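The values are calculated or read from the model by the stated rules, or taken from the named source; none is laboratory data. No experiment lies behind these values; they were computed from the predicted model shown. Cβ coordinates were reconstructed from backbone atoms using ideal geometry, including for glycine residues, and neighbour counts include every protein chain displayed. Remember, those area values only see protein heavy atoms, side chains included, never the ligands or the DNA or RNA. Shrake-Rupley method; radii C 1.70, N 1.55, O 1.52, S 1.80 Å.
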Amino acid sequence: MAKPVVGIIGNSYIIDDSYPVQSTGVSNVEAIARVSGALPVVIPAIPDMVNIDDLCGRFDGFLFTGGRPNVHPEEYGEEATPAHGQFDRDRDRVALPLIRAAVDKGIPILGICRGFQEFNVAFGGSLYPEIRDLPGRMNHRMPPDGTLEEKFALRHDVTLIDGSEFSKMFGATVVKTNSLHGQGIKEKGARIIIEGHAPDGTPEAIRIADAPSFAMAVQWHPEWRAHECGVSRPLFEAFGQSMREHV
Ligand SMILES: N[C@@H](CCC(=O)NCCCC(=O)O)C(=O)O
């Protein structure tokens, strides 16, 4: 049986202050290849170059990865402020309609960090620009210095609703995760089901209600060392299995 083919949404970067590229983290590629058992393919998130229906006709699943730039607040009806940071408008214009189309067509999708936030916005939700500025919230951003191991180190618990899809998947109601994000869910979207929270109440695990196939997202980064992490493996394994059932 041929491996499922996963479209990994690209991020826009500029190399040497001049050369535009589309890229993804190797850890995303590795998790899809080694744990989901699928063929990873990076999709250029350039709306003039890719067509949503074409993408849905050619891929068995999509991974919406992390990304340092934020979803533009006009996507959820708010004005941009300096607190909203940098944007990747091309990725917004590809990812948001692609999430909706994939769910409509029953194509499995998995969201990570920015991808988690895109799921929420794609279905009508909104985001806080900076969680650490909210009363009672932790700083969820990655440590500014240190090695990658230190940046992706497990940082806080996520408590999952007992009996939820996530708790059944992980076989636990509390898991420990890394944390590399500044933004988070403010208002959840119409079809967003929140199944996990950080100790400060920040949503950390969601799924799309009534999705005909796998449609789950997490605010943390399970792709980091996914092949050896007890929490990450089940997520990428379930994603891979859903695609094999779908093809
Ligand atoms: N920009 C959003 C999402 C954060 C995110 O995806 N972080 C991963 C960044 C990895 C990297 O540094 O490229 C937010 O800040 O909440």
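Restricting attention to segment 122-147 and to residues that are acidic (Asp, Glu) and assigned to a loop (DSSP other than H, G, I, E, B), the residue that is farthest from the chain's Cα centre (by Cα) turns out to be ASP145. When every residue of segment 223-235 is checked against the conditions, none turns out to be touching a Gly at 6+ places or on another chain (Cβ under 6 Å) and not β-branched (Val, Ile, Thr). Considering only segment 166-175, I want to know if a residue exists there that is under 27 Å from GLU237 (Cα atoms), in contact (Cβ under 8 Å) with a residue 60 or more places away in the chain, open to solvent by 60 Å² or more (accessible area, probe 1.4 Å) and in a loop (DSSP other than H, G, I, E, B). Looking for residues that are under 27 Å from GLU237 (Cα atoms), in contact (Cβ under 8 Å) with a residue 60 or more places away in the chain, open to solvent by 60 Å² or more (accessible area, probe 1.4 Å) and in a loop (DSSP other than H, G, I, E, B), one finds at least one in segment 166-175, hence yes.
Restricting attention to segment 129-142, the residues that are open to solvent by 40 Å² or more (accessible area, probe 1.4 Å) and near the ligand (Cβ under 9 Å from one of its atoms) add up to 2. The set of residues in segment 194-247 that are more than 11 Å from VAL158 (Cβ to Cβ) and among the polar types (S, T, N, Q) comprises SER213, SER232, GLN241, SER242.
Note on segment 67-83: residues that are in contact with a Pro (Cβ under 8 Å, 6 or more places away or on another chain) and open to solvent by less than 10 Å² (accessible area, probe 1.4 Å) total 1. One residue is enough: does segment 86-101 have a residue meeting the conditions outside any strand (DSSP E or B), open to solvent by less than 10 Å² (accessible area, probe 1.4 Å) and either among the polar types (S, T, N, Q) or modelled with pLDDT under 95 (or both)? There is no residue in segment 86-101 that is outside any strand (DSSP E or B), open to solvent by less than 10 Å² (accessible area, probe 1.4 Å) and either among the polar types (S, T, N, Q) or modelled with pLDDT under 95 (or both). Among the residues of segment 147-155, at least one is over 19 Å from ARG207 (Cβ atoms), touching a Pro at 6+ places or on another chain (Cβ under 7 Å), open to solvent by 60 Å² or more (accessible area, probe 1.4 Å) and at pLDDT 95 or above. Scanning segment 213-229 for residues being more than 17 Å from SER164 (Cα to Cα) and touching a residue at least 24 places away in the same chain (Cβ under 8 Å) gives a total of 8. Only one of GLY61, GLY57 is under 17 Å from ARG100 (Cα atoms), modelled with pLDDT of 95 or more and buried (at least 18 other Cβ atoms within 10 Å of the Cβ); which? One residue alone meets the criteria, GLY61.
Restricting segment 1-40 to residues that are within 16 Å of the ligand (Cβ to nearest atom) and in a loop (DSSP other than H, G, I, E, B), the residue that is surrounded by the most Cβ atoms within 10 Å (Cβ to Cβ) is GLY10. If you scan segment 160-196, which residues turn out to be out of contact with any Leu (no Cβ under 8 Å at 6 or more places or on another chain), within 19 Å of ILE131 (Cβ to Cβ) and β-branched (Val, Ile, Thr)? The answer is ILE192, ILE194.
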